[in-house]
Structures are given as structure tokens and as C-alpha cells.
1. Tell me whether the stretch 1-103 comes out rounded, prolate or oblate; compute the Cα gyration tensor, take square roots of the eigenvalues as a ≥ b ≥ c, and use a/c under 1.5 as the rounded threshold.
2. Applying 1/(1 + (r/R0)^6) with R0 = 41 Å to the Cβ-Cβ distance of Arg190 and His39, what FRET efficiency is obtained, to the nearest 0.05?
3. If you roll a 1.4 Å probe over the chain with all protein chains in place, what percent of the accessible area is carbon or sulfur?
4. Name the residue farthest towards the positive end of the dipole of the stretch 84-181 from the options Pro113, Val172, His85, assuming +1 on Cβ of Lys and Arg, -1 on Cβ of Asp and Glu, about the Cα centre.
5. In Å², what does the accessible area per residue of the stretch 52-203 work out to with a 1.4 Å probe?
6. Add -39500 (n - 2.57) for each DSSP H run of 4 or more in the chain, then divide by its residues: what number comes out at 222 nm, to the nearest 500 deg cm²/dmol?
7. Using the alpha-carbon centroid of each, what span in Å lies between the stretch 104-176 and the stretch 23-71?
8. Between Glu150 and Val81, what length in nm is gained on full extension when 0.36 nm per residue of separation is reduced by their alpha carbon distance?
Amino acid sequence: MPTAFQKELVTLAHRLADLGDLVAIALEEATRSVLESDHTLGGRVREQAAAAAALGAACEDQACALLALHAPREAEVKAVVAAVHIAADLTRMGGLAREVAGAPGPVPPEVRPAVGRLGGHAVAAARAVRAVLVDGDRAGLGAAVALVAEGVREVREWADGCAGPRGAGVAVELALLAAVHGRFAGIADRVGRLAVGFVPVRA
């Protein structure tokens, strides 16, 4: 039968999953704001990133309280340490979404579909974090991260094909935009690996 500590840890896992959902929404709207040059959306992303930072801090506080209020076993201590790292990583993802929203635009029309696909795959990676944290299922996350890598290559190939002084500037902006999406998905993948720390406790 689960102990009080284990029940609280599962509650924390669900809060972290909510944080993953929040940064997914932030990146989705950030990508749209860049594609549509929508400053209103960009402002909303900044608010969402701030909300993610606040929730991330609350999750870290909850994790530390678990150690202070209980006498956890070694596996449980590892789970709490993993939770602290996960909260920090998800908060960092919110910051990357804010960075995407602040990217200079507009994105050239011919590359917008590729950027849209890249953003969609990165959002899917963030949403897949919930399945890892709640159910221990990494399949969806791994598939989404692989698609992000393909999307990054696609956008960079387009950027490499830009020519002329103006083209060089656009190429740099697109390469940076692709890189931020890639880092976002890379952190989501790391969260998935860290989340394995929850499994022994809930088993």
C-alpha cells in the first residue's frame, strides 16, 4: 500500500505534468506569434513563461518539503532530487518559449510551413512529458524529439540556401529559431530520462 510520502510524490508528478502542459501551450503560441507577427500573442507567452516559473518554483518547494517532513528511503530521495531537476528544466523550457516569441520577424512565407511543423513537433514533445511523468510512457516523447531533429535540419537547410546580404540576416535568424526549438525538445527529452526516477517509488 502506498505510503503518505509516495502519494505526495505522485501528486508532485501531476503538478510537474501540468507545468509541462503550460510550457507546451507557451511554445505553441510563441511559434504562432512569430509566424503571424502577432505581438499580442507574444505578450501572452511572456505571461505564460512567468506563470511557468512560478509553478516551477512551487514544485521545487514542494519537493524540498517532502524531504523535510518525511524520512524517505534512498530511492525516494532520488525521486525527489529528480523532481527538483525536472521543475528547473521545465521552467527553462518556458524561458525558451519566451525567446521564440521575441524572435525578430517576419518569417519568409516559403519557410513558414517548415517552421510551423518544427514548432508543432516541439510542442508535442512537451505534451508527451505528461505521459512520462504520470504513466512512465516515453514512446511519444521519443518520437516527438526525433521529429524535432528532422525539423531543425529542414529549417537549417532552407537557411543555408539564403543568398545576398538580406538573405544572410534571415538565415541567421532562422538558424537561431531552429536552435531554440531544438533545445526546447532536448530539455523535454532530458526530463523524460529524469522522470524514470519516479517509477521505483510508484511501483
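The values are calculated or read from the model by the stated rules, or taken from the named source; none is laboratory data. Only a predicted model underlies this, so the values are computations on that prediction, with no experimental measurement involved. No Cβ is skipped: glycine too gets one built from the backbone with ideal geometry, and neighbour counts run over all protein chains shown. Keep in mind that these areas ignore ligands, DNA and RNA; they rest on the heavy atoms of the full protein, side chains included. Shrake-Rupley method; radii C 1.70, N 1.55, O 1.52, S 1.80 Å.
1. Prolate is the answer for the stretch 1-103, as a/c is 1.5 or above and a/b outweighs b/c.
2. It comes out at approximately 0.85.
3. 59 percent
4. The one lying farthest along the dipole's positive direction is His85.
5. Accessible area per residue: 46 Å².
6. The helix contribution divided over the chain gives -30000 deg cm²/dmol.
7. When both Cα centres are located, 20 Å separates them.
8. Full extension of this stretch gives 21.6 nm more.
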